[in-house]
Amino acid sequence: MSLRIRLEDEHGYEVASMDRTSVLNPLIPSLDDEQYTLLGYIDLDGDTIFGAGQAAVLAQELSRAKVNAYPDALESIDQIIALANRAAADGSLYLKFLGD
């Protein structure tokens, strides 16, 4: 399963995006993993939306989780972190994960 990742403004217009990727699949923890408060909520089959405050936490969690990623996935994960940081810095942007 892969995700399309979009950064959108409050009107739903795409500001930036990433093509379908599956780099996050092995990093998404179960919802009962207390080390991650938001990362486990990314739904590979549905859509998940994070606002500015959530995106800041998500960026931190992705930074911690990427130590468990495959080396060839690191650049893509860094791009996702950059999108999350951009959403966190601008309260009018939303980070959307669009599943299959």
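Any read-out appearing in this document is the output of simple, stated calculations on the displayed coordinates, not a laboratory observation. Note that the coordinates shown come from a computational prediction; the quantities given were computed from them, not determined experimentally. Here Cβ is always computed from backbone atoms with ideal geometry, including for glycine, and neighbour counts include all displayed protein chains.
What translational diffusion coefficient, in µm²/s and rounded to a whole number, does the Stokes-Einstein relation yield for the chain at 4 °C and a viscosity of 1.567 mPa s, taking the hydrodynamic radius as the Kirkwood radius over Cα pairs? Display every interim value, and only then the final one.
Working: Rh = 13.2 Å.
After rounding, the answer is 98 µm²/s.
Could you give the size of the charge dipole of the range 29-100 about its Cα centre, using +1 on the Cβ of each K and R and -1 on the Cβ of each D and E, expressed in debye and rounded to the nearest 20? Don't skip to the end; give the middle numbers.
Numbers: 4 positive and 12 negative charges, 66 e Å.
With only Lys, Arg, Asp and Glu charged at Cβ, the dipole is about 320 debye.
Any chance you could run the full-extension gain for E34 through V15? It's 0.36 nm times the residue separation minus the Cα-Cα distance, nm to one decimal.
3.6 nm
Restricting to Cα pairs below 8 Å that are 6+ residues apart, what does the relative contact order work out to for the chain? Please round to a whole percent. Walk me through the numbers on the way to the answer.
On the way: 175 pairs, mean separation 41.1, N = 100.
Relative contact order here is 41 percent.
At what distance in angstrom do the alpha carbon centres of the range 84-100 and the range 1-41 lie from each other?
If we compute the Cα centre of each part, the gap is 9 Å.
Can you find, among I81, A69, L39, the residue sitting farthest towards the positive end of the charge dipole of the range 34-100, where Lys and Arg contribute +1 and Asp and Glu -1 at Cβ?
My answer, from the dipole projection, is I81.
First measure r as the distance between the Cβ atoms of Y70 and D90, then evaluate 1/(1 + (r/R0)^6) with R0 = 30 Å and state the FRET efficiency to the nearest 0.05.
Working: r = 30 Å, r/R0 = 1.01.
The computed FRET efficiency comes out at 0.50.
Taking only Cα atoms, what is the 0 to 90° angle, nearest 10, from helix 52-65's long axis to the longest principal axis of the chain?
Relative to the chain, helix 52-65 is tipped by roughly 20 degrees.
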